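In what follows, a structure is listed as structure tokens, so that the remarks can point back to it.
The values are calculated or read from the model by the stated rules, or taken from the named source; none is laboratory data. Note that the structure is a prediction, hence the values are computed from the model and not measured. FYI the Cβ positions are ideal-geometry reconstructions off the backbone, even for glycines, and counts take in every protein chain you see. We work out accessible area using only protein heavy atoms, side chains counted, and drop any ligands, DNA or RNA first. Shrake-Rupley method; radii C 1.70, N 1.55, O 1.52, S 1.80 Å.
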Amino acid sequence: MTVLRTGIDLVEIARLERLNPAIRARFMQRVFSAAEQEIIGQAWQSAAGRFAAKEAVSKALGGGIGEMGWQDIEILQDENNMPTLQLHGVAEEKAAELGLTAWSVSITHSRAYAAAVAVGIGS
């Protein structure tokens, strides 16, 4: 039997832009891996898109952030700058339990919002 799981999330970009500078660095280190932070740079649209993608993946896995950590879900990019997914820790275990072996992640943004969809498939 084929298993198909989807998740979606929407983030207001200004929510991240308005982060108190005193906690901004701690937030970035808690939520994003070093590789993700390098991709994001100072682009809040990119940060919001990756944040939304992490939420979308966690929803597809059925556990949500809390059961798994932010860095258990890593949103990187391929040579064409397309988002790619790397699972670690609890997220990787949950995907294995569900039989999910392949993923597709899509991220989009406007001036105000970033959205992401994650689809996992397996058997």
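Pick from region 48-69 the residues that are open to solvent by 40 Å² or more (accessible area, probe 1.4 Å) and touching a Ser or Thr at 6+ places or on another chain (Cβ under 9 Å): which of them is farthest from SER33 (Cα to Cα)?
The residue in question is LYS59.
Starting from residues that are over 20 Å from ALA91 (Cα atoms) and either assigned to a strand (DSSP E or B) or polar (S, T, N, Q) (or both), keep the ones in region 8-36 and report whichever is farthest from the chain's Cα centre (by Cα).
ASN20
Which ones in region 4-27 are surrounded by 13 or more Cβ atoms within 10 Å (Cβ to Cβ), farther than 18 Å from HIS109 by Cβ and not charged (D, E, K, R)?
THR6, PHE27
May I ask you to verify whether SER58 is hydroxyl-bearing (Ser, Thr, Tyr) and touching a Gly at 6+ places or on another chain (Cβ under 9 Å)?
So SER58 passes the test.
Just wondering, is there one or more residues in region 30-43 that are aromatic (Phe, Trp, Tyr), under 17 Å from ALA118 (Cβ atoms), without any contact (Cβ under 8 Å) to a residue 60 or more places away in the chain and open to solvent by less than 30 Å² (accessible area, probe 1.4 Å)?
Yes, region 30-43 has at least one match.
Considering only residues that are among the polar types (S, T, N, Q), in a strand (DSSP E or B) and farther than 13 Å from ARG5 by Cα, look in region 79-111 and name the one that is least open to solvent (accessible area, probe 1.4 Å).
THR84
Regarding region 41-59, can at least one residue be identified that is polar (S, T, N, Q), under 10 Å from the mean Cα position of the chain (by Cα), over 18 Å from GLY122 (Cα atoms) and assigned to a helix (DSSP H, G or I)?
Among the residues of region 41-59, not one is polar (S, T, N, Q), under 10 Å from the mean Cα position of the chain (by Cα), over 18 Å from GLY122 (Cα atoms) and assigned to a helix (DSSP H, G or I), which makes the answer no.
List the number of the failed condition for LEU85; all other conditions in (1) modelled with pLDDT of 95 or more; (2) within 20 Å of ILE13 (Cα to Cα) hold.
(2)
Check off (1) closer than 18 Å to THR6 by Cα; (2) in contact with a helix residue (DSSP H, G or I) (Cβ under 8 Å, 6 or more places away or on another chain); (3) among the small types (Gly, Ala, Ser); (4) open to solvent by 30 Å² or more (accessible area, probe 1.4 Å) for ALA114 and give me the number that stays unchecked.
Every listed condition holds for ALA114 apart from (4).
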